Every structure is written in structure tokens, then in C-alpha cells.
1. For region 147-156, how many residues meet the condition of being outside any helix (DSSP H, G or I) and either of a type in the set (S, T, N, Q) or open to solvent by less than 60 Å² (accessible area, probe 1.4 Å) (or both)?
2. Identify all residues within region 21-51 that are within 14 Å of Asp65 (Cα to Cα) and open to solvent by 30 Å² or more (accessible area, probe 1.4 Å); write none if there are none.
3. Within region 193-251, restricting attention to residues that are out of contact with any helix residue (DSSP H, G or I) (no Cβ under 9 Å at 6 or more places or on another chain) and assigned to a loop (DSSP other than H, G, I, E, B), which residue is surrounded by the most Cβ atoms within 10 Å (Cβ to Cβ)?
4. Counting just the residues of region 157-178 that are in contact with a Lys or Arg (Cβ under 9 Å, 6 or more places away or on another chain) and of a type in the set (Gly, Ala, Ser), which one comes out surrounded by the most Cβ atoms within 10 Å (Cβ to Cβ)?
5. Considering only residues of region 1-20 that are charged (D, E, K, R) and in a loop (DSSP other than H, G, I, E, B), which is least open to solvent (accessible area, probe 1.4 Å)?
6. Applying the selection to region 122-140, what residues are open to solvent by less than 10 Å² (accessible area, probe 1.4 Å) and either among the charged types (D, E, K, R) or in a loop (DSSP other than H, G, I, E, B) (or both)?
7. Examine region 44-61 for a residue that is under 21 Å from His135 (Cβ atoms), not in a strand (DSSP E or B) and not aromatic (Phe, Trp, Tyr), and state whether such a residue exists.
8. Quickly run through region 222-251 and pick out the residues that are among the basic types (Lys, Arg) and under 26 Å from the mean Cα position of the chain (by Cα).
Amino acid sequence: MSQAFIQEFRDFRATITFTRPEKHNALEIADLEALDTALLNLAADPAIRVLVLQATGKSFCAGVDFVSVANHDWRDSPLERVADRLEALPFPTLCALQGGVYGGGTDLALACDFRLGVHGMKTFIPPAKLGIQYHAHGLKRAVTRLGLGPAKRLFLAAETFDAEEMLRCGFLDWLVPAEELPARADGIAASLAGLAPLSLRGMKQTLNQIAEGLLDERAARDRFATSFHGEDFQEGRRAMTEKRPPVFAGR
């Protein structure tokens, strides 16, 4: 197991925490390979209903530790693979950003479904200051999430966005005082874990396909129709009638 992150499992929830604060949680090739394997295993686990991605220290993630990977052939980008894997997870994902997010760390954050940040944080992406380029899927993700204008400001103008600008452009979904981050992240994750898991999985798949312009309309209609025959729909109807929170089984 990589020393760059730890995994925890509780109440249908998986948590991955970056644990290299002295390097602003920058990731080496071995870390990215281990993270890719961890995400692959999570995707295959039907018990997981939500993933929380978080970090220790002053920064969420500074992306790739380029000092350790200078000789890597970047035609095969492990960062790109990890971000793609994260985006493709079948259940909802929440990124809790306790501090600055830089470089490739922004791609990991944008690959999540939801992003929660704190006042005082910032983000910048430095390839144009280093003489390198950013991987294509990360650029596409930024345009899809933020729009072409903000993406060009981050990548071409190499601007630094503060927390308020991150919220305005859609990088953040919520912005809270730093001391409220753990409780707010826990509340959002608990809420997501309490919703009908098959409903969330199906709608996430359809929404992502729509965003990519790759909607399989027949498959989406099949998922929609099938949901009315599931046990979760019956439980949802009972809970509404009985005025109580539903307890979904994912069936």
C-alpha cells in the first residue's frame, strides 16, 4: 500500500485521505498506481454508496511530484488514468478540499461529482510556467466543469483563483469556514449514502453521458423503466406514506 494515502470504510462510505502533507500531498508514480488499483476495487464493491476524497495538511493535493517522475514517458499518464477512473466510479463522490489545490490535484477534484471547499483556499495550475502541457482529458474535464473561459484563465493565463472565484466559476459547489468542513463533509456524505443507491448510480451514468455527448438513450430509458420495479421504489413509496426516512437496500 502506498504511504501517500489511507482508506477507510464505514456506513456504506469509503474515504480516501492523502497523507503526505510535507509534500503538499504530491503523488509519485507508485502512489498513482496504488490509487488506481484502490479505485478499481471500490468500483467493484456493491456495498459502497459514496466516496469522500480528502487530505491532511495545508494543501489538498499538488498533483504529480515531478522531481521523482522526470524520466517517465508521459504518453501514458497515470494521473490521467486515475482521474478518469475517479470520474467513472458508479456511485457519487465528494471531494473535501481543506486547503490549496494545485496542478494535477485540480483534475482529481474536478473528477469528483461534488466539491466542498473552505474560505482562504486557492487553486492554480502551473504547466505554462513550467514549459509543459496538461493532459488532454484534464483539459476536457476543466472545460466541461467550468466552461471554456475559466479553463483558459487557469491554464493559459495561469491565474490563481481564490475561494470565492472557485465558487463563482463552479469549481466549488459549497464554501464553508475551515472549522465547519469535517461536519459539512460528513453531513453531505451521509445524505448521499441514505439515498437510493441504484437511482444515484443510474442517474449519474446518464448525466455523465449527457455531459460527454455520448448518451445511450435506449439504455437510459431501460434504467428508468426498470427502476419502477425495484424494491427501493416500493420502500420509497412506503416511507413517504408513513412519513419516515426510507431505508434503501439497493435492490
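1. Within region 147-156, residues that are outside any helix (DSSP H, G or I) and either of a type in the set (S, T, N, Q) or open to solvent by less than 60 Å² (accessible area, probe 1.4 Å) (or both) number 1.
2. Within region 21-51, Pro21, Glu22, Lys23, His24, Glu28, Ile29, Ala30, Glu33 qualify.
3. Leu195
4. For region 157-178, the residue satisfying everything is Ala163.
5. Among them, the one singled out is Arg20.
6. Passing the criteria: only Ile125.
7. The answer is no; no qualifying residue exists.
8. Going residue by residue through region 222-251, those that are among the basic types (Lys, Arg) are 223, 237-238, 243-244, 251.
Listed by number, the residues that qualify are Arg223, Arg251.
The values are calculated or read from the model by the stated rules, or taken from the named source; none is laboratory data. These numbers come from a predicted model, not from an experiment. A quick note on method: Cβ atoms are made from the backbone with ideal geometry, for glycine too, and the neighbour counts reach across all protein chains shown. Please note that ligands, DNA and RNA were not included when accessible areas were found on the heavy atoms of the full protein model with its side chains. Shrake-Rupley method; radii C 1.70, N 1.55, O 1.52, S 1.80 Å.
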